[in-house]
Amino acid sequence: MALYSEKVMDHFRNPRNVGVIEDADGVGEVGNPVCGDIMKIYLKIENDIITDVKFETFGCGSAIASSSMATELIKGKPLSEALALTNKAVTEALDGLPAHKLHCSVLAEEAIKSAVKDYYDKNGIEYDHSQFPEGESCPHCGE
């Protein structure tokens with residue numbers, strides 16, 4: 001059995017939505033000190049809809065694939081759907097990740113939430129702070 005699914009390999013080799021949005025409405029950056037991965041997500045938002053999303057990721061193939069897939073899953077969606085996106089949904093959309101790489105999908109989820117929180121903070125929008133857990137470790141690998 002291959003270590004990585006065809007979808008993981010496709011999103012690693014041909015990542016979608018790579019780049020920077022210079023005038024982003026929300027920017028989120030997260031990292032994992034254990035593995036060294038860093039993800040930065042940029043959001044453009046109009047009428048509560050994510051009209052554009054880009055990412056920059058420094059990390060392994062799983063981190064790049066997770067970032068790419070996560071951006072695809074939230075593009076064109078309302079902020080509420082972006083906040084509801086879980087690392088499990090990212091992993092499932094990629095047809096799975098090896099157990100030791102599940103933290104990559106967690107980083108993608110956290111980066112999106114961080115970008116939405118940045119947008120809310122910049123615009124003085126009230127939000128439920130429990131939607132933005134900080135400092136939690138990955139339930140799968142403890143990282």
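Remarks
Results for (1) closer than 20 Å to TYR42 by Cβ; (2) in contact with a strand residue (DSSP E or B) (Cβ under 9 Å, 6 or more places away or on another chain); (3) in contact (Cβ under 8 Å) with a residue 60 or more places away in the chain, shown as yes or no for each residue.
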site: SER68; (1), (2), (3): yes, yes, no
site: LEU73; (1), (2), (3): yes, no, no
site: LYS77; (1), (2), (3): yes, yes, no
site: THR91; (1), (2), (3): no, no, no
site: GLY96; (1), (2), (3): no, no, yes
site: CYS104; (1), (2), (3): yes, yes, yes
site: ASP121; (1), (2), (3): yes, yes, no
site: ASP128; (1), (2), (3): no, no, no
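- Hits in region 3-28 (condition: among the β-branched types (Val, Ile, Thr) and within 22 Å of TYR42 (Cβ to Cβ)): VAL18, VAL20, ILE21, VAL27
- Failed criterion for GLU22 (all others in (1) loosely packed, with under 13 Cβ neighbours inside 10 Å; (2) over 29 Å from GLU126 (Cβ atoms) hold): (2)
- Selection from region 91-133 of residues that are hydrophobic (A, V, I, L, M, F, W, C) and either crowded, with 20+ Cβ neighbours inside 10 Å or in contact with a Leu (Cβ under 8 Å, 6 or more places away or on another chain) (or both): ALA93, LEU94, LEU97, LEU102, CYS104, VAL106, LEU107, ALA108, ALA111, ILE112, ALA115, VAL116
Bear in mind that the values in this text are calculations on the coordinates, not laboratory data. These numbers were taken from a predicted model, which means no experiment stands behind them. Note: ideal-geometry Cβ built from the backbone for every residue, glycine included; neighbour counts use all protein chains shown.
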